[in-house]
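Asker: The following block contains the structure, expressed as structure tokens.
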Amino acid sequence: MVNPLALEITRDKLVEIYRKMVEIRFFEERVFELYAQNLVPGTIHLYAGEEAVAVGVCSALRKDDYITSTHRGHGHCIAKAADLKQIMAEILGKKTGYCKGKGGSMHIADFKIGMLGATAVVGAGIPIAVGAGLSVKLRKAGHVVACFFGEGASNQGTFHESINMASVWKLPVIFICENNLYAMGTRQSRVMAIENIADRAVGYGIPGVVVDGNDVLAVYGAMPEAVERARIGEGPTLIECKTYRRRGHSRVDAAKYRPKEEVEEWLAKDPIRRFKERLLQTNTLTEVEVQQIEKEVSVRIEEAVKFAVESPYPAPEEAIEDVYT
Amino acid sequence: MRRITYRDALREALREEMRRDSTVFLLGEDIGRYWGGAFKVTEGLAEEFGDDRVRDTPISESAIIGTAVGAAITGMRPVAEIMFGDLTALAMDQIANQAAKIRYMFGGQAKCPLVIRTPFGAGVNIASHHSQSLEAWFMHVPGMYVVVPSTPYDAKGLLKTAIRGSDPVFFCEHKLLYPIEGEVSEEEYMIPFGVADVKKEGTDVTLVATLYMVHKALNAATELEKEDINVEVVDPRTLTPLDKQTIVKSVKKTGRLVIVSEDCRTAGVSAEIAAIVAEEAIDYLDAPIKRVAEPDTPIPFSPPLEQYVIPNEKTIIKTIKEVI
């Protein structure tokens, strides 16, 4: 575990990182409850357990930088400081949601904050991130693009096509592989002969870095070099974050394909608990302050739930709007 | 009026729009200074606008379109070239699931001004992977406009409209049209989507045709004049949106409809047009609707085989005579 005192990072930033992680965890646990109450149509893919990745990455970005996201995207939205109310309303299919109920859990976007949207086709967001990077380069805009995807997506052609393109054109893209070991129920070792996705970076002539994806400061600490490379035109970096989802792939998946010992081992490495312990050990936060943060987050989540539950559904005929400009 | 080729008309549209708007850029395989595009549409543009804006890509169709989508939603106006229409299959997720849906599924937040240019069509003996006509695939993708210009004039005016729009456009070209010459005004003009062009007026039968088939339809019409059969040739110019009104109006006048398109017959362009007329003008028909299309086969290589499957003047004339 990276010692926060070893990084050039202010107390305020550390507290903010902790708060964001708790926000994602509490949010996802509430989504799970709402799902059990039949308030969430369709399916859900919860980010709980992987908070260190989204928060570590987005905390190292500027507000106007871009991200692209996946079907497991609530955490990316929250880490990029999207509005909790509008995320929750979208998940519930309400008119007040980010996409007016047209997208749902798997398709949240907030273009105003550079959140270019979640695509639910595995690997499909990768070339879109590269396109945003190309746009930044052509416009000389100075942003970077963080592109989130899972280890399963790294077997798609789009992964290889896109990283090659970003590399040869030296685009400001940071490829963030959230390796949670399982693509749905398929363990990585059953479909890949390599252990580290980051090794694939060699084939495209870019740096590939493996970090402990359950250590938010390890993720955060890997970012400045990648961001710097991107901003000065030296091209992309592939950062692989080893992590684990607390729950199954989707909905009520009990994830019986994961060995019990493995689950216990990973739950023991819970990113939020580890970070909290660090903050307490280093006297960055006191127990009272931690409780205060958690209480504040709970209040905000409940406000979001209330807003979403009380919001109206879209009028049925809105289904035919927004196809064309 | 000056006459230029379809290829030159397309290039003029690209050049004018690139001069006018610095966010317009081109990407595709071998479109740059070393080759100028497989059909030379982009020849000379890299010399004027530089390699950044006339961008040669790796052979990665999915990433070409995906990259264009990402650029489009962040303020650029990409024009992507897919070297042959058949190869759009490689990029189908990015076209149909990403480009076309990105505005809708994000509740109207995204603006995706993207143009995908690609040549369809058989007739040059390059077999099953370089010859199909797949316009109908894209008519089945809500969120995407589908443009099918048949003349240099239409090609230029429609491409300029496509580039200036706010939504993705699938811009179909045809290999045999590139060298065809036609009148193109030197003054700037644009052609709106959803406005068909009556390429020849007539009174006896409505003949709807697209892309290269428009020229065969006109040849057939000229031939039939000798037998006092007066054919009205309607070119929809865009399939999405489709100018139903002009087609229906023509059918109401002639009482007969023949549709000729180069794609497969089943669930093809002609099927949609026939269905619309059946819904909206069946009482005006004096004969059954007839379709001239390719049989449901891939495109074969050998010249006699290939010519057998492509609709031609003879099959058009024969079909028209069946309904007169």
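Asker: In the stretch A:138-161, how many are free of Cβ contacts under 8 Å to residues at least 24 places away in the same chain and either among the hydroxyl-bearing types (Ser, Thr, Tyr) or buried (at least 24 other Cβ atoms within 10 Å of the Cβ) (or both)?
Answerer: 0
Asker: A further question follows. Any residue at all in the stretch A:250-258 that's in contact (Cβ under 8 Å) with a residue 24 or more places away in the chain, closer than 26 Å to A:ASN196 by Cα and assigned to a helix (DSSP H, G or I)?
Answerer: Scanning the stretch A:250-258 turns up no residue that is in contact (Cβ under 8 Å) with a residue 24 or more places away in the chain, closer than 26 Å to A:ASN196 by Cα and assigned to a helix (DSSP H, G or I).
Asker: Continuing with the same structure: Say we look at the stretch A:261-274 and pick out the residues that are of a type in the set (A, V, I, L, M, F, W, C) and farther than 10 Å from A:TYR18 by Cβ; which of these is surrounded by the most Cβ atoms within 10 Å (Cβ to Cβ)?
Answerer: By that ranking, first place goes to A:TRP266.
Asker: Out of all the residues in the stretch B:98-112, is one or more more than 10 Å from chain A (Cβ to nearest Cβ), outside any helix (DSSP H, G or I) and in contact (Cβ under 8 Å) with a residue 12 or more places away in the chain?
Answerer: Going through the stretch B:98-112, the residues more than 10 Å from chain A (Cβ to nearest Cβ) turn out to be none.
Scanning the stretch B:98-112 turns up no residue that is more than 10 Å from chain A (Cβ to nearest Cβ), outside any helix (DSSP H, G or I) and in contact (Cβ under 8 Å) with a residue 12 or more places away in the chain.
Asker: Is the stretch A:297-312 home to any residue that is assigned to a helix (DSSP H, G or I) and within 14 Å of chain B (Cβ to nearest Cβ)?
Answerer: No: zero hits.
Asker: Here are some conditions: (1) in contact (Cβ under 8 Å) with a residue 60 or more places away in the chain; (2) more than 23 Å from B:ALA80 (Cα to Cα); (3) buried (at least 24 other Cβ atoms within 10 Å of the Cβ). A:ILE108 meets all but one. Which one does it not meet?
Answerer: (1)
Asker: Of everything in the stretch B:156-183 that's surrounded by fewer than 22 Cβ atoms within 10 Å (Cβ to Cβ) and assigned to a strand (DSSP E or B), which residue is farthest from the other protein chains (Cβ to nearest Cβ)?
Answerer: So the residue we want is B:GLU181.
Asker: Name the residues in the stretch A:106-125 that are more than 7 Å from every other protein chain (Cβ to nearest Cβ) and within 21 Å of A:LEU61 (Cα to Cα), would you?
Answerer: Once the filter is applied, which keeps residues that are more than 7 Å from every other protein chain (Cβ to nearest Cβ) and within 21 Å of A:LEU61 (Cα to Cα), the stretch A:106-125 yields A:ILE108, A:ASP110, A:LYS112, A:ILE113, A:GLY114, A:MET115, A:ALA118, A:GLY125.
Asker: Check off (1) buried (at least 20 other Cβ atoms within 10 Å of the Cβ); (2) in contact with a strand residue (DSSP E or B) (Cβ under 9 Å, 6 or more places away or on another chain) for B:ASP93 and give me the number that stays unchecked.
Answerer: Single failed check for B:ASP93: (2).
Asker: Just for the stretch A:275-293: of the residues that are buried (at least 18 other Cβ atoms within 10 Å of the Cβ) and charged (D, E, K, R), which one is nearest to the chain's Cα centre (by Cα)?
Answerer: So the residue we want is A:LYS276.
Asker: Tell me yes or no: at least one residue of the stretch B:72-79 is at pLDDT 95 or above, in a helix (DSSP H, G or I), farther than 20 Å from B:PRO119 by Cα and in contact with a Cys (Cβ under 8 Å, 6 or more places away or on another chain).
Answerer: Within the stretch B:72-79 (the criterion being at pLDDT 95 or above, in a helix (DSSP H, G or I), farther than 20 Å from B:PRO119 by Cα and in contact with a Cys (Cβ under 8 Å, 6 or more places away or on another chain)), the answer is yes, since at least one residue qualifies.
Asker: OK, next. Out of (1) more than 14 Å from every other protein chain (Cβ to nearest Cβ); (2) free of Cβ contacts under 8 Å to residues at least 12 places away in the same chain; (3) under 28 Å from A:PHE159 (Cβ atoms), what's the single condition that is false for A:CYS99?
Answerer: (1)
Asker: So, A:HIS76, is that one more than 9 Å from chain B (Cβ to nearest Cβ) and of a type outside the set (Lys, Arg) or not?
Answerer: In short, yes.
Asker: Consider B:VAL195 against the criteria (1) closer than 27 Å to B:GLU43 by Cβ; (2) surrounded by fewer than 18 Cβ atoms within 10 Å (Cβ to Cβ); (3) β-branched (Val, Ile, Thr): it satisfies all of them except one. Which criterion is unmet?
Answerer: (1)
Asker: Evaluate the stretch B:283-295: report whether one residue or more is outside the structural domain of B:GLU135 (by TED's automatic domain parsing), surrounded by 15 or more Cβ atoms within 10 Å (Cβ to Cβ) and part of a helix (DSSP H, G or I).
Answerer: Within the stretch B:283-295 (the criterion being outside the structural domain of B:GLU135 (by TED's automatic domain parsing), surrounded by 15 or more Cβ atoms within 10 Å (Cβ to Cβ) and part of a helix (DSSP H, G or I)), the answer is yes, since at least one residue qualifies.
The values are calculated or read from the model by the stated rules, or taken from the named source; none is laboratory data. Nothing here was measured: the structure is a model prediction, and the numbers come from that model. With ideal geometry, Cβ positions are generated from the backbone for all residues, glycine too; neighbour counts draw on all protein chains shown.
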